[in-house]
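Down below is the structure, laid out as structure tokens.
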Amino acid sequence: MNHHASTPAWQRLSLSEVARTLALEPDVVERLTPVAGPDGPRLSVPDHETADRLLARLNTEPEDRATTLAARPDPDDDPELCWLLDRSARLLISRLGRRPPGNPAWAALPGGPVARHLYVWVFLTVLPYVRDHHADLGLNDDESWASLGALGSALASDRRVNGRPGLDATWGLPMTFSGTGFRLGRLAYERQPRHTETGHPVLRPGESALNTHIPGNSGPLTPAACDASFDRALELARGFPEQVAGFGCHSWLMDDQLAGYLPAGSNIIRFQRRFTAVNDRMRADWAPILHVFGRRFDGPVVPPALLDELPQRTSLERAVVGHLRDGGHWYNQTGWFRRLP
Ligand SMILES: CC(C)(COP(=O)(O)OP(=O)(O)OC[C@H]1O[C@@H](n2cnc3c(N)ncnc32)[C@H](O)[C@@H]1OP(=O)(O)O)[C@@H](O)C(=O)NCCC(=O)NCCS
């Protein structure tokens, strides 16, 4: 008897065949290597109705739901993408609660709509596992769904920025769908490995900080909402095996130049002041252009024609544009603060 008879053809592909056909980058090949073999959990991709229902629960807009459902990979037409879906899902499941290995950004796959939505199908496939993991961590049901709703926000914002549906390179979603990253009220966090060296601004060797993210389109960053979120994070962290001893934040919102433009009482500056900034500036003009204006540009320099198009209604909008026009740059910067659970 041919024992392959019941195994779909895509399951019998090898990583090197898939890598060649899809022109996968070396870091993607490396990250898939541990889960590339034929042995692993048999995962089921949700059927059309289930996927539709889950997508709605994941905060997706109707348009993104429709393009995702229409871009379901087909075992006969897209065997390599089916293989990649399965192995990417296995990878996340094998890493629940630990950051996925290698370069964490999951780059948009080149190709048509199926490729551009492939990772959405990966995230739908691992959903039951992440939900269980959230319960183990102590997240309540609302917190779990609010965390996973990052998928809907990413789909909507990538579609608006690019003018076409599907996901761009995503660093945050593999964190979310491995349960490493989660949202608690106004802020989102990601568990970090233990810190091993001495000389850290706030952590002692063996301790770990939660990395803080500021989701957009979620209302003002009020101190009260931040306090509630940090408190809840510390409460949850009591149950984590790593000794959490504070928070880190790496963002354009931590750029200390913002204090030269925004009032001391503004939410952004009050948020910054919680943290002790380290001088690790990484040039990132793209960050405020993307996060404040929803625009992307190619190359290292913001095109002057783009600056001319940007609205100038708020003090932050004027600061971002004026600073660039004056020849300045914006930076991602890191800050830390110590607090024990
Ligand atoms: C972080 C955020 C919620 C802060 O908003 P906030 O609570 O209103 O912030 P502040 O009180 O400090 O606002 C100060 C000024 O900046 C303006 N401002 C803040 N965020 C703005 C935004 N996204 N777009 C335009 N203007 C903004 C405010 O309107 C205010 O200006 P005004 O006094 O002229 O009205 C908001 O900037 C945001 O959603 N940013 C995107 C998320 C992001 O970048 N995350 C980090 C990814 S690394």
Margin query: Would you report the distance distribution of C-alpha pairs in segment 201-252 as whole percents per 10 angstrom bin, up to the bin with the largest distance?
Written below: 21, 50, 26, 3
Next item on the list: Please identify, among 89, 245, 228, the residue showing maximal mean-square fluctuation in a Gaussian network model of the chain using a 10 angstrom Cα cutoff.
Entry: 228
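For segment 185-341, what is the relative contact order in percent, using Cα pairs closer than 8 Å and at least 6 residues apart in sequence?
Values: 246 pairs, mean separation 46.3, N = 157.
That works out to 30 percent.
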Note to self: Report the rotationally averaged projected area of segment 74-221 based on its alpha-carbon convex hull, in square nanometres.
What the structure shows: 10.3
Check: Which angle between 0 and 90 degrees, to the nearest 10, do you get for helix 315-325 versus the longest principal axis of the chain when only C-alpha atoms count?
Finding: 90
Next item on the list: Can you tell me how much longer the chain between residue 69 and residue 43 gets when fully stretched, taken as 0.36 nm per residue apart minus their C-alpha distance, in nm with one decimal?
Entry: 7.5 nm
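Give the Kirkwood hydrodynamic radius (Å, one decimal) of segment 1-93, defined as one over the mean of 1/r across all pairs of different Cα atoms.
On the way: mean 1/r = 0.0679 Å⁻¹.
Across segment 1-93, the inverse of the average 1/r is 14.7 Å.
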Next item on the list: Multiply the residue gap between residue 160 and residue 98 by 0.36 nm, knock off their C-alpha separation, and tell me the result in nm, one decimal place.
Entry: 19.2 nm
Item checked: Protection proxy ranking, peptides 186-197, 133-144, average beta carbon neighbours within 10 Å, highest first -> 186-197, 133-144
Notebook entry, point to check: Taking 0.36 nm per residue of separation and subtracting the Cα-Cα distance, what length does fully extending residue 27 through residue 325 add?
Noted result: 103.6 nm
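Sorted from fewest to most neighbouring beta carbons within 10 Å, what does the list 301, 28 look like? Before the final figure, lay out the partial values.
Working: 301 11, 28 22.
By the 10 Å Cβ count, ascending: 301, 28.
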Notebook entry, point to check: Taking a point 7 angstrom from the Cα of residue 235 along the C-beta vector, which residues in segment 135-161 have backbone N less than 14 Å away?
Noted result: 138-144
Next item on the list: Name the residues whose placed amide hydrogens come within less than 5 Å of the amide hydrogen of residue 108, ignoring near sequence neighbours (fewer than 5 apart) on the same chain.
Entry: 169, 170
Note to self: Using +1 at the C-beta of Lys and Arg and -1 at the C-beta of Asp and Glu, which of 198, 257, 304 has the Cα lying farthest in the positive direction of the dipole of segment 185-341?
What the structure shows: 198
Checklist line | Of 175, 114, 146, farthest towards positive along the dipole that unit charges on Lys, Arg, Asp, Glu beta carbons give segment 92-187 | finding: 114
Note to self: I need to check one value: relative contact order of the chain, counting alpha carbon pairs closer than 8 Å and at least 6 residues apart, in percent.
What the structure shows: 15
Item checked: Relative exposure of 29, 114, judged by other C-beta atoms within 10 Å (fewest first) -> 29, 114
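Between Rg and the Kirkwood Rh of segment 185-341, both from Cα atoms, what is the Rg to Rh ratio? Could the numbers behind the result be given before it?
Details: Rg = 16.8 Å, Rh = 16.8 Å.
So for segment 185-341, dividing Rg by the Kirkwood Rh gives 1.00.
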Next item on the list: Please grab the % of Cα pairs in segment 132-211 that end up more than 16 Å from each other.
Entry: 60
Notebook entry, point to check: Whose amide H sits under 5 Å from the amide H of residue 276, counting only residues 5 or more places off or on another chain, with H placed in the peptide plane?
Noted result: 336, 337
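Which value in Å is the Kirkwood Rh of the chain over different Cα pairs? Please list the in-between numbers first.
Working: mean 1/r = 0.0463 Å⁻¹.
The Cα-based Kirkwood calculation yields 21.6 Å.
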Item checked: Furthest towards positive pole of dipole, 266, 229, 286, structure part segment 201-301, Cβ charges -> 266
Note to self: So for each of 282-291, 33-42 I average, over its residues, the number of other beta carbons within 10 Å; can you give me the resulting order with the highest mean first?
What the structure shows: 282-291, 33-42
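Would you order 249, 226 from fewest to most other beta-carbon atoms within 10 Å of each residue's own beta-carbon? Each step should come with its number before you reach the end.
On the way: 249 25, 226 19.
Least crowded to most crowded, the residues run 226, 249.
Read-outs throughout are calculated quantities, based only on the coordinates presented, and are distinct from any laboratory measurement. This one's a predicted model, so the numbers in the text were calculated from it and none came from an experiment. Glycine gets a Cβ as well: all are built from the backbone with ideal geometry, and neighbour counts include every protein chain shown.
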